[in-house]
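Comments concern the structure below.
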Amino acid sequence: MPTLRILHKCKFAHLNEDPYMMPHMRCDKGAIRHIFSGSDVMCPGLTSEKAEMDDVPANFPVAVMAEGKDHAMAIGVTKMST
């Protein structure tokens, strides 16, 4: 599983191609401070109007992104499929 550092380097290494090496889960702005404080990402944070989810199965590694930001803020594993 890649680290955040690897994900951030990969983004800049492939500017002309698809820059993402793993699926994304984008949370809304209200969840950002809670995730940085160590909270788990719950379904309501990913299903709000501004959030986005890639189609992934259960137990799959994903990059957790923040609304309006280009870099991943966490790496996680899904507990259920999208």
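Any read-out appearing in this document is the output of simple, stated calculations on the displayed coordinates, not a laboratory observation. Quick caveat, the model's predicted, so the values are computed rather than measured. Cβ coordinates were reconstructed from backbone atoms using ideal geometry, including for glycine residues, and neighbour counts include every protein chain displayed.
Remarks
- Amide H contacts of Thr82: Val56, each under 5 Å away and 5 or more positions distant or on a separate chain (H built 1.01 Å from N in the peptide plane; Pro and chain starts excluded).
- Along region 25-32 the Karplus relation, 6.51 cos²θ - 1.76 cosθ + 1.60 evaluated at θ = phi - 60°, assigns HN-Hα couplings of 10, 9, 9, 7, 4, x, 8, 4 Hz to successive residues, with x for each Gly and Pro.
- Diffusion coefficient, µm² s⁻¹, Stokes-Einstein with Kirkwood Rh over alpha-carbon pairs of the chain at 37 °C and 0.692 mPa s: 253 µm²/s
- Percent breakdown of C-alpha pair distances by 10 Å bin, ordered from the shortest bin, for region 34-82: 23, 64, 13
- Phi angles of region 47-56 translate, via the Karplus equation with coefficients 6.51, -1.76, 1.60 and θ = phi - 60°, into HN-Hα couplings of 10, 6, 4, 8, 7, 9, 9, 7, 7, 9 Hz per residue; Gly and Pro are given as x.
- Largest mean-square fluctuation among His24, His34, His71, in a Gaussian network model of the chain whose springs join Cα atoms under 10 Å apart, belongs to His34.
- Dipole of region 4-77, positive end: most advanced residue of His8, Leu46, Met21 [Cβ charges, Cα centre]: His8
- Nonlocal amide H pairs with Glu67, under 5 Å, H built at 1.01 Å: Cys27, Lys29
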